[in-house]
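The values are calculated or read from the model by the stated rules, or taken from the named source; none is laboratory data. What you are looking at is a predicted structure, and each value in this text was computed from that prediction instead of being measured. Because the Cβ atoms are built from the backbone with ideal geometry, glycine has one as well, and the counts that use them run over all protein chains shown.
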């Protein structure tokens with residue numbers, strides 16, 4: 001399968017300031033592809049170069065078969081975009097915004113249909129300022145989709161939203177992918193990336209430092225797990241003999257077993273084999289935030 005986005009050694013500079021130094025990744029059709037990184041790492045600059053909003057100074061870019069540096073106008077007819085600083089005039093009505101954006105893309109879906117699909121029909125006469133955070137996000141997504149894009153860029157879409165509105169936005173993102181489009185999602189929320197993204201590129205210090213699925217990143221960079229339980233049994237040396245176990249620690253009745261691989265299954269089987277069945281047996285694994293901190297935290 002030919003990737004819909006190919007980025008090789010992207011560079012972007014402003015005089016002596018380096019905004020992006022060496023970014024490479026590919027995005028396959030139908031993916032929700034996440035881009036994670038600390039503030040100032042080059043995430044937004046990267047996606048702006050991919051959309052032709054900024055001109056890359058080096059590297060090779062291919063987006064839906066187009067070079068954004070030479071074919072930006074043709075590319076924009078095939079993509080949708082919700083930018084980091086998206087905003088509309090406060091008095092602009094929902095119907096007016098959709099009608100205007102639709103007029104810029106005459107080959108796209110009828111804007112009334114898009115308004116219905118994204119639950120905005122009852123708000124067609126409402127002004128942008130009167131919409132809730134979740135409704136504003138629905139409108140931004142509708143505007144990004146009014147030209148039936150093959151690829152959609154969403155940059156920090158849920159920043160500033162309350163938890164309920166964030167969940168609404170997550171459903172919108174899944175619906176975009178389910179509708180047949182590929183999504184590139186820039187976010188700094190680890191739970192968002194872990195729940196939504198098929199694969200993730202982590203950018204740090206203007207370079208890509210890792211690309212994998214959320215599970216793959218965790219397995220590679222934070223593979224250790226802790227199995228915890230309570231028991232009155234004093235002799236647990238049989239657990240230390242397991243290949244998956246690195247350490248067994250206890251504090252009173254509480255026991256923590258650190259290791260990797262199929263740790264939970266092996267510890268549970270060994271406990272049952274020795275006549276122990278703790279009711280509070282549980283596993284505590286690292287998450288994407290632990291991986292992110294490991295990949296991006298540097299000594300100051």
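Here the condition is being in a loop (DSSP other than H, G, I, E, B) and either touching a strand residue (DSSP E or B) at 6+ places or on another chain (Cβ under 8 Å) or assigned by TED's automatic domain parsing to the domain that holds residue 39 (or both); of 103, 81, 125, it holds for 125 alone. Against the test of being part of a helix (DSSP H, G or I), outside the structural domain of residue 159 (by TED's automatic domain parsing) and under 30 Å from residue 13 (Cβ atoms), the options 293, 271, 264 yield a single qualifying residue, 293. Among the residues of the stretch 167-183, some residue qualifies, meaning at least one is touching a helix residue (DSSP H, G or I) at 6+ places or on another chain (Cβ under 6 Å), touching a residue at least 12 places away in the same chain (Cβ under 8 Å), in a strand (DSSP E or B) and on the phi < 0 side of the Ramachandran plot.
Every residue, every condition in (1) within 30 Å of residue 24 (Cβ to Cβ); (2) in contact (Cβ under 8 Å) with a residue 40 or more places away in the chain, yes or no:
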position: 70; (1), (2): yes, no
position: 78; (1), (2): yes, yes
position: 82; (1), (2): yes, yes
position: 90; (1), (2): no, no
position: 93; (1), (2): no, no
position: 114; (1), (2): no, no
position: 117; (1), (2): no, no
position: 126; (1), (2): no, no
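Looking across the stretch 14-43, the residues that are surrounded by 22 or more Cβ atoms within 10 Å (Cβ to Cβ) and either part of a helix (DSSP H, G or I) or in contact with a helix residue (DSSP H, G or I) (Cβ under 8 Å, 6 or more places away or on another chain) (or both) come down to 20, 23, 32, 34, 35, 36, 37, 41, 43.
From the list 97, 129, the one residue that fits, being more than 18 Å from residue 175 (Cα to Cα), buried (at least 19 other Cβ atoms within 10 Å of the Cβ) and modelled with pLDDT of 85 or more, is 97.
The numbered conditions (1) part of a loop (DSSP other than H, G, I, E, B); (2) farther than 27 Å from residue 193 by Cβ are all true for residue 96 except (1). Given the condition at pLDDT 90 or above, surrounded by fewer than 19 Cβ atoms within 10 Å (Cβ to Cβ), within 24 Å of residue 169 (Cα to Cα) and in contact with a helix residue (DSSP H, G or I) (Cβ under 9 Å, 6 or more places away or on another chain), answer yes or no: does some residue in the stretch 51-64 qualify? The answer is no, given that none of the residues of the stretch 51-64 is at pLDDT 90 or above, surrounded by fewer than 19 Cβ atoms within 10 Å (Cβ to Cβ), within 24 Å of residue 169 (Cα to Cα) and in contact with a helix residue (DSSP H, G or I) (Cβ under 9 Å, 6 or more places away or on another chain).
Matching residues to (1) modelled with pLDDT of 85 or more; (2) within 25 Å of residue 199 (Cα to Cα):
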site: 124; (1), (2): yes, no
site: 136; (1), (2): yes, no
site: 146; (1), (2): yes, no
site: 152; (1), (2): yes, yes
site: 161; (1), (2): no, yes
site: 169; (1), (2): no, yes
site: 172; (1), (2): no, yes
site: 177; (1), (2): yes, yes
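Of all residues in the stretch 44-67, those satisfying the criterion of being assigned to a loop (DSSP other than H, G, I, E, B) and closer than 22 Å to residue 180 by Cα are 51, 64, 65. Looking across the stretch 269-286 at every residue that is over 39 Å from the mean Cα position of the chain (by Cα) and more than 17 Å from residue 254 (Cα to Cα), the one that is surrounded by the fewest Cβ atoms within 10 Å (Cβ to Cβ) is identified as 275.
Looking across 68, 89, one residue alone is more than 24 Å from residue 174 (Cα to Cα), in contact with a strand residue (DSSP E or B) (Cβ under 7 Å, 6 or more places away or on another chain) and in the same structural domain as residue 145 (by TED's automatic domain parsing). It is 68. The set of residues in the stretch 138-164 that are outside any loop (DSSP other than H, G, I, E, B), out of contact with any strand residue (DSSP E or B) (no Cβ under 8 Å at 6 or more places or on another chain) and buried (at least 18 other Cβ atoms within 10 Å of the Cβ) comprises 138, 139, 142.
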